[in-house]
1. In nanometres, what is the gap between the two model label sites at VAL167 and LYS80, each 7 Å from Cα along Cα-to-Cβ?
2. Rounded, prolate or oblate: which one fits region 236-275, using the alpha carbon gyration tensor with axes a ≥ b ≥ c (rounded when a/c is under 1.5, else prolate when a/b beats b/c, else oblate)?
3. Could you check the simple spin-label distance between TRP228 and VAL272, using points 7 Å along Cα→Cβ, in nm with one decimal?
4. Set Lys and Arg Cβ to +1 and Asp and Glu Cβ to -1, take the dipole of the chain about its Cα centre, and tell me which of TRP275, PHE20, THR177 lies farthest positive.
5. If we sort 210-217, 165-172 on the protection proxy, mean other Cβ atoms within 10 Å, highest first, what's the order?
6. Would you mind putting 44-53, 195-204, 238-247 in packing order, based on average other-beta-carbon counts within 10 Å, highest first?
7. If you take the square roots of the eigenvalues of the alpha-carbon gyration tensor of region 168-215 and sort them as a ≥ b ≥ c, do you get rounded (a/c under 1.5), prolate (a/b over b/c) or oblate?
8. Please report the carbon-and-sulfur percent of the accessible area for region 89-198; probe 1.4 Å, protein heavy atoms only, DNA, RNA and ligands left out.
Amino acid sequence: MSSSNQVVALVTGANKGIGFAIARDLCRKFSGDVVLTARNQARGRAAVQQLQAEGLSPRFHQLDIDDLQSIRALRDFLLKEYGGLDVLINNAGIGTDPTQFHIQAEAAMKTNFLGTRAVCMELLPLIKPQGRVVNVSSTMSLDALKNCSPELQQKFRSDTITEEELVGLMNKFVEDTKKGMHEKEGWPNSAYGVSKIGVTVLSRIHARKLSQQRRDDKILLNACCPGWVRTDMAGPKATKSPEEGAETPVYLALLPPDAEGPHGQFVQEKKVEQW
Ligand code: NAP
């Protein structure tokens, strides 16, 4: 049954870690449906059951951000059930392991940048007026930016860089790592960091496009860092609990309807950071 007057928030990679904590907090604070998504059905449904046991009522939908068919099935579900989407939190991502650098680079780029971009391509057109979009990037994107050559830094900070140029640069990074010449070409030594530069710059580009093409809709889109959070990705020594890590993403997701900003920013501890 269609309930297109119903508002809906969706979190990617929400079966564990920060995404799970975001979904839980939204279930408590967001006045609408919350869709918890996960690439693995069993892990996702187990997470939903855990929240149900706490008296919360998320819905579940499968989503693998590396799989266009999966993204499109989710898009069709959202259109049918809700006529669009009010809040999108792009949280799903992968860390890197100590395999060869070019393999890390390809994997991090595939999920963190290309996967997030694919979700945005399919779901941003569904975002309703006064919608909120939050892309979970990382402060490592800022560190990696500072370790890029001056030419690359200038491109990534540019207010006129296009999405196509960004994709070209991200692909070039992976190709340069395969040729063993990424340092010579001005790239830093963090595959994860470069993939998150992609997420932050993509957010700036998408925010700019929304301001140009849908100004009256007052949609706010930002990138953020959750902090250093105790999850499977960051390990037990990290300083924040997943609940604390969820605070900034949830703050951005629930910016009040009359808020004028932040928009197109990189936000950490609920504060705008200079990119
Ligand atoms: P995590 O516990 O490893 O959780 C990552 C989540 O992303 C899992 O649900 C995972 O699903 C999902 N995921 C991975 N690839 C996916 C795909 N192709 N499609 C859909 N879901 C996918 O890590 P976390 O620390 O919570 O990280 C969440 C986000 O915060 C990431 O974007 C990460 O880069 C960012 N971040 C984390 C920290 C930190 O200190 N933890 C710091 C800065 C930024 P599976 O369970 O199926 O693998």
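1. Going from the VAL167 label point to the LYS80 one covers 2.8 nm.
2. On the way: a/c = 4.21, a/b = 1.68, b/c = 2.50.
Here region 236-275 falls in the oblate category.
3. Taking the two extended label points, one gets 2.8 nm.
4. PHE20
5. On the way: 210-217: 11.8, 165-172: 16.2.
The packing order, highest mean first, is 165-172, 210-217.
6. Working: 44-53: 16.1, 195-204: 27.4, 238-247: 18.5.
Going by the mean number of other Cβ atoms within 10 Å, highest first, we get 195-204, 238-247, 44-53.
7. Working: a/c = 4.08, a/b = 2.90, b/c = 1.41.
Judged from the Cα gyration tensor, region 168-215 comes out prolate (a/c at least 1.5, a/b above b/c).
8. On region 89-198, the fraction of accessible area on carbon and sulfur atoms equals 53 percent.
The values are calculated or read from the model by the stated rules, or taken from the named source; none is laboratory data. What you see is a predicted model, and the numbers here were worked out from it, not measured in a lab. Heads up, the Cβs are rebuilt from the backbone with ideal geometry, glycines too, and the neighbour counts pull from every protein chain shown. Ligands, DNA and RNA are stripped out before the accessible areas are found, and what is left, the full protein with its side chains, is counted by its heavy atoms. Shrake-Rupley method; radii C 1.70, N 1.55, O 1.52, S 1.80 Å.
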